[in-house]
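Input: a single structure, listed below in C-alpha cells.
The values are calculated or read from the model by the stated rules, or taken from the named source; none is laboratory data. These numbers were taken from a predicted model, which means no experiment stands behind them. Note: ideal-geometry Cβ built from the backbone for every residue, glycine included; neighbour counts use all protein chains shown.
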C-alpha cells in the first residue's frame, strides 16, 4: 500500500482510515460518476451519491442509510493532499454525522506489480 501525491481538491479515488480502537478499518471510494461506497473491514455498508466543490472544499452526500437526508461537510486536505479530514457543516443524520465528524483518511494507491524488481 502506498500514498499518491495528487492535485489538491480532487476527492475521487479510494480513501482509508487508520484502524479504530476496536480494530475496524473504514474505507470510502468516490467515483468520477458522483457515486460513492463506504466499507468497514472491506464489507460494503453504505452507498450513495455525492458532489464536491473544489473551490470551497464542500462535500455534499446522500446515502442509503439516512432516509434521504443530505449531509454537508468541509473537506480539509493536508499532507500534499494525500490525506483529508471531514468537518460537519450540517447533517441531520446523527449516525452519519457521528461517524464522519473529524474522520481522517489517507488516499490509497496500490503498487503496480510491473514496477516490482525481481531477483
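Some values worked out for this structure:
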| read-out | value |
| --- | --- |
| Matching residues in segment 23-47 - criterion: being without any contact (Cβ under 8 Å) to a residue 12 or more places away in the chain and part of a strand (DSSP E or B) | 37, 43, 44 |
| Candidates 115, 92 - the one that is over 15 Å from residue 30 (Cα atoms) and modelled with pLDDT under 90 | 115 |
| Strands (runs of 3 or more DSSP E) completely within segment 48-111 that count 1 or more residues being surrounded by 12 or more Cβ atoms within 10 Å (Cβ to Cβ) and more than 13 Å from the chain's Cα centre (by Cα) | 58-63, 70-78, 83-91 |
| Residue check for residue 6: closer than 16 Å to residue 109 by Cβ and modelled with pLDDT under 95 | yes |
